[in-house]
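The values are calculated or read from the model by the stated rules, or taken from the named source; none is laboratory data. From a predicted model like this one, the values you see are computed outputs, not experimental measurements. Every residue, glycine as well, gets a Cβ built from its backbone with ideal geometry; the counts of neighbours run over all protein chains shown.
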Ligand code: NCD
């Protein structure tokens, strides 16, 4: 059995295989439903808010012919005091695979240790968001024409954003040059940077403002307010740290702007009509990428 818990568990070859499978899913979607998972039941267990990850996984499962059951923590026995792991054990007995999002780092890994069916990590705390990274890398390949030898800038709350941590690993795996730009105190964990540098031998620079004149991909994320001990501090940081027309003045004409979404104030809305802004198209790729993941992870062994 196979789980998808961390982008660190995947090799470059496996990621490239997901690219090929996603291309097939994109073509298949043009024709309609792909019934390769009919008879399967997939559960979405989201202990934290979600729009894209949950809905696109549910849509992906349905497009593959699977049935979906959803878990609502507000009306579940968690309210009676049932533990996270007991909840996982129970749902595991009812379904063929689970997508889990939880506020604690390591929760998906823990769940995979008690589950007898595949577990897919839909985001664990500030730690990992592997399926988002597969979407991001696929989007870069599609929009920039390649996924290697690019200059990539990560901009935002790099301390708390799991999408950023996973993405840094994924984008470094493909040998890209990276700039990290965050508000003071919200930088990427130094241990994560050293592990990645050592593993992939890539150049990672920390910069105080984005230098976009030779940037190919600008990847932005919001300030992760829910992970701050002082939410007012998050609001203050957010207002001071955003991408606007002024910052884009020196950027290349063919630069691609990505964002895992939701966008709060870190990209001003007048950028949405700029042809470099590709984040809504990126989000749409969630369905074919997650179809490829579900077929690989849940479709195995049958
Ligand atoms: C991200 C997440 O939940 O980590 N959202 C998503 O899945 N697209 C990013 C975020 O919440 O900022």
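One table, with the values for the structure above:
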quantity: Residue list for region 216-234, filter: farther than 27 Å from residue 141 by Cβ, part of a loop (DSSP other than H, G, I, E, B) and more than 17 Å from the chain's Cα centre (by Cα); calculated: 228, 229, 230
quantity: Filter pass, residue 299 being at pLDDT below 95 and either within 16 Å of residue 17 (Cβ to Cβ) or buried (at least 24 other Cβ atoms within 10 Å of the Cβ) (or both); calculated: yes
quantity: Residue ID - nearest to residue 163 (Cα to Cα), chosen from residues in region 107-137 that are within 10 Å of the ligand (Cβ to nearest atom) and assigned to a helix (DSSP H, G or I); calculated: 132
quantity: So residue 199, is it at pLDDT below 95 and away from the ligand (no atom under 14 Å from the Cβ); calculated: no
quantity: Subset of region 234-270 (residues that are out of contact with any helix residue (DSSP H, G or I) (no Cβ under 9 Å at 6 or more places or on another chain) and away from the ligand (no atom under 15 Å from the Cβ)); calculated: 236, 239, 240, 246, 247, 249, 250, 251, 252, 253, 269
quantity: Failed criterion for residue 70 (all others in (1) surrounded by fewer than 17 Cβ atoms within 10 Å (Cβ to Cβ); (2) in contact with a helix residue (DSSP H, G or I) (Cβ under 9 Å, 6 or more places away or on another chain); (3) outside any strand (DSSP E or B) hold); calculated: (3)
quantity: Test: residue in region 222-238 that is surrounded by 14 or more Cβ atoms within 10 Å (Cβ to Cβ) and in contact with a strand residue (DSSP E or B) (Cβ under 8 Å, 6 or more places away or on another chain); calculated: no
